[in-house]
Amino acid sequence: MKNTSLLALLAIATLFACNPKNASSENAENNSDTTATPENKIMVPVTTCYMSTLGKDTFQLKVEVFENVVTGNLAYLFHEKDRQKGTFEGRMTGDTLIANYTFSSEGQTSVRQIAFLLSNEKATEGYGDVEEKKGAMVFKDIKSLQFGKGLNLQKVPCSE
């Protein structure tokens, strides 16, 4: 009887020795962390600058296009009048930038919506009827904006 029990144990041990991959090692492999470590990507925007001078007034626009958002700076530098300088954040819809512009003028900070039709060589400001919503001036109907009557800025090299 002892020999039979010993032979059975030896047979079982041989089976496990011939198949080193047992259920517990399979479970360990299946439960291993297979999710990839998220990559830290540095987002480098496509930056374009535009400028216009009308008489003694200067207008500057710097547009930084990221994958999901457009940011930048806009300055209306009127000669001997109140100047507006600020930043904007928005989105591109085709070749049209629609953004919220936060600016300072006369010592106060204000927010208004802006629109620019952007091309490789120029930026044309869009105009339309506006209304106040939540403390900001916004376009009533973006689809009815008019481009061409307003400010036209030419592409220039960006400077810091």
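Values quoted throughout were computed directly from the atomic coordinates according to the rules given, and no laboratory measurement underlies them. Nothing here was measured: the structure is a model prediction, and the numbers come from that model. When we count neighbours, we look across all protein chains shown, and the Cβ atoms used for this are built from the backbone with ideal geometry, even at glycine.
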Distance between modelled label sites at GLU39 and SER104, nm, 7 Å Cα→Cβ extension: 4.0 nm
Diffusion coefficient, µm² s⁻¹, Stokes-Einstein with Kirkwood Rh over alpha-carbon pairs of the range 46-156 at 20 °C and 1.002 mPa s: 151 µm²/s
Estimated dipole of the range 59-160 in Debye, rounded to 20 [Cβ of Lys and Arg +1, of Asp and Glu -1, Cα centre]: 100 debye
Segment ASP129-THR53, length gained on full extension (0.36 nm per residue, minus Cα span): 24.8 nm
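Give me the extension gain from HIS79 to GLN154: residue separation times 0.36 nm, minus the current Cα-Cα distance, reported in nm with one decimal.
25.0 nm
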Calculated from backbone phi, Karplus (6.51, -1.76, 1.60) coupling profile of the range 126-136 in Hz, x at Gly/Pro: x, 10, x, 5, 10, 8, 8, 9, 6, x, 10
Residue-wise HN-Hα coupling along the range 96-109, computed from phi with Karplus coefficients 6.51, -1.76, 1.60 (Hz; x: Gly, Pro): 10, 8, 10, 8, 9, 9, 9, 9, 10, 8, 6, x, 10, 9
